[in-house]
Amino acid sequence: MVVIRHRYEDYDSEYLTIADYLVNFKDVFLMTAVYKRMKEWFVEEGFTTGSDKDFPEVFYLEKEGKAGKELWFRWRFQKTPLNNQFWRYDFDVDVHCLGLNKVETIIDNKKVKIDKGEVEVQVKTNLVMNWAARLKKTAFRPFREVIYRIFLKDTRKRLENELYDLSFGFREALNNLFKLPHFEAKKGGLEFWPKKFPE
């Protein structure tokens, strides 16, 4: 019997979702170039090595249909930022391609076969705090909230900002790859147009 559980249920950990976004592109592109560029980005940022055996691709599905090729793949990256086992970055990437068909186009006066279809990249990043690795003795477990608030608050804030920059840096790389407009989420700020009150 198959049991479906949450991925953080097995050990005593908490997680904080830093980013959860979707990038959608529908036009002509070269899927092999997209795959390679995304993989290179994670190698450059230190999430994985360049070798295929260390690459965390947990799922890959490719099937042919009447409308074209459908492609699914999922990557699950993990990185320990401070070289200890308490903090961890989880970077999840789910890619779904629909209606991929080979078409011919002319680039630099040469006929080239490229893909035409829709690609959807869903990204979710979590900052994971593994309390089982930090508090091995059960005597300190009741004081977990106090330890967190007093000693770990500044470190958590710094790591949140770092993972936020990494998450939206990946989105920026995708936007550059697909030549999409760039938007950056900002928290707070003043209104662009000041409110006009009757005089």
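The values are calculated or read from the model by the stated rules, or taken from the named source; none is laboratory data. Given the structure is predicted, the values throughout are model-derived calculations rather than measurements. Cβ coordinates were reconstructed from backbone atoms using ideal geometry, including for glycine residues, and neighbour counts include every protein chain displayed.
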Scanning segment 1-19 for residues that are at pLDDT 85 or above and out of contact with any helix residue (DSSP H, G or I) (no Cβ under 9 Å at 6 or more places or on another chain), the one nearest to Gly169 (Cα to Cα) turns out to be Thr17
### Task
Return yes or no: is Asp90 more than 24 Å from Leu30 (Cα to Cα), assigned to a strand (DSSP E or B) and modelled with pLDDT of 90 or more?
yes
Looking at the structure I just gave you, is Trp41 in contact with a helix residue (DSSP H, G or I) (Cβ under 9 Å, 6 or more places away or on another chain) and either over 30 Å from Arg158 (Cα atoms) or modelled with pLDDT under 90 (or both)? no
**Prompt:** Does Gly50 satisfy being loosely packed, with under 14 Cβ neighbours inside 10 Å, of a type in the set (Gly, Ala, Ser) and modelled with pLDDT of 90 or more?
**Reply:** no
Pairing a residue in segment 171-185 that is within 21 Å of Asp92 (Cβ to Cβ) with any residue that is modelled with pLDDT of 85 or more and part of a helix (DSSP H, G or I), where Cβ atoms lie under 6 Å and the two sit 6 or more apart in sequence or on different chains, gives Ala173/Trp41; Leu177/Arg37
Selection from segment 4-53 of residues of a type in the set (D, E, K, R) and assigned to a loop (DSSP other than H, G, I, E, B) yields Arg5, Arg7, Glu9, Asp10, Asp12, Glu45, Asp52, Lys53
When segment 79-92 is checked residue by residue, the ones that are without any contact (Cβ under 8 Å) to a residue 60 or more places away in the chain and surrounded by 14 or more Cβ atoms within 10 Å (Cβ to Cβ) are Lys79, Phe86, Arg88, Asp92
Within segment 54-70, restricting to residues that are under 18 Å from the mean Cα position of the chain (by Cα) and part of a strand (DSSP E or B), the one that is farthest from Thr125 (Cα to Cα) is Tyr60
Selection from segment 164-199 of residues at negative phi, of a type in the set (Gly, Ala, Ser) and modelled with pLDDT under 85 yields Ala185
If you go through Asn101, Asn161, the only one that is surrounded by fewer than 16 Cβ atoms within 10 Å (Cβ to Cβ), at pLDDT 90 or above and within 28 Å of Tyr21 (Cα to Cα) is Asn161
